[in-house]
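Chemist: Quick one: structure below, then a few questions.
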Amino acid sequence: MLDYLVIALCAFIGGSARYWLGVFLPAVGGFPIGTLAVNLIGCFIFSWVVKHIMNDIDISGRLVLGVGVGFCGALTTFSSFALDTMKLVQADQIGLAFLYLVLSFVGGLAMTFLGESIYHRRAAQ
């Protein structure tokens, strides 16, 4: 039962962070900067912070669940990514839609790689 409460609390924080990043990083010319930012940040946090917590710090598995499933799960959003892509396509902004897809996919992989690299570099020291 406590796992659910920790996940819910962290999801509240992640969802709130997602909302505020969307407010501070509004779409420019229809390009969804806020959604792209939260998804890239979420990829980095999930790959570096969660892995770091799981492997290097003696901490409760509940906190790992809270940060990974709760915070990162609520911060990042595939549904907004899909909706924003469709809005660009429907507005005949095919080039921006393609750019958004590429930046989201390649950027997500790059941020995950960055998180892994930082973790492994630190672990090797």
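Chemist: In region 26-77, carbon and sulfur make up what percent of the accessible area (probe 1.4 Å)?
Modeler: Percent of accessible area from carbon and sulfur atoms in region 26-77: 71.
Chemist: Now, a different point. Mind checking the dipole of the chain: about its Cα centre, +1 per Lys or Arg Cβ, -1 per Asp or Glu Cβ, Debye to the nearest 20?
Modeler: So the dipole magnitude of the chain works out to roughly 100 debye.
Chemist: Pop a pseudo-label 7 angstrom from the Cα along the beta-carbon direction at both Val106 and Arg121 and give the gap in nm to one decimal.
Modeler: The modelled label-to-label distance comes out at 2.1 nm.
Chemist: How do 32-41, 86-95 rank on mean C-beta neighbours within 10 Å, highest first?
Modeler: 32-41, 86-95
Chemist: Oh, and also: Sum -39500 (n - 2.57) across every DSSP H segment of at least 4 residues in the chain, then divide by the residue count to get the 222 nm mean residue ellipticity, nearest 500.
Modeler: -23500 deg cm²/dmol
Chemist: Measuring from centroid to centroid over Cα atoms, what is the spacing of region 65-119 and region 15-59 in Å?
Modeler: If you average the Cα positions of each part, the centres end up 9 Å apart.
Chemist: Once you place label points 7 Å from the Cα toward the Cβ at Phe24 and Leu63, how far apart are they in nm?
Modeler: Taking the two extended label points, one gets 2.4 nm.
Chemist: Continuing with the same structure: Helix by helix, which DSSP H runs in the chain go 24 Å or more along their axis at the Cα atoms and have an average Kyte-Doolittle hydropathy of 0.5 or more?
Modeler: Span-like helices here: 2-24, 94-124.
The values are calculated or read from the model by the stated rules, or taken from the named source; none is laboratory data. The structure presented is a predicted model; accordingly, all values stated were derived computationally and were not measured. Positions of Cβ are generated from backbone atoms using ideal geometry, with glycine treated the same way; all protein chains shown enter the neighbour counts. Note: areas computed on protein heavy atoms with side chains; ligands, DNA, RNA excluded. Shrake-Rupley method; radii C 1.70, N 1.55, O 1.52, S 1.80 Å.
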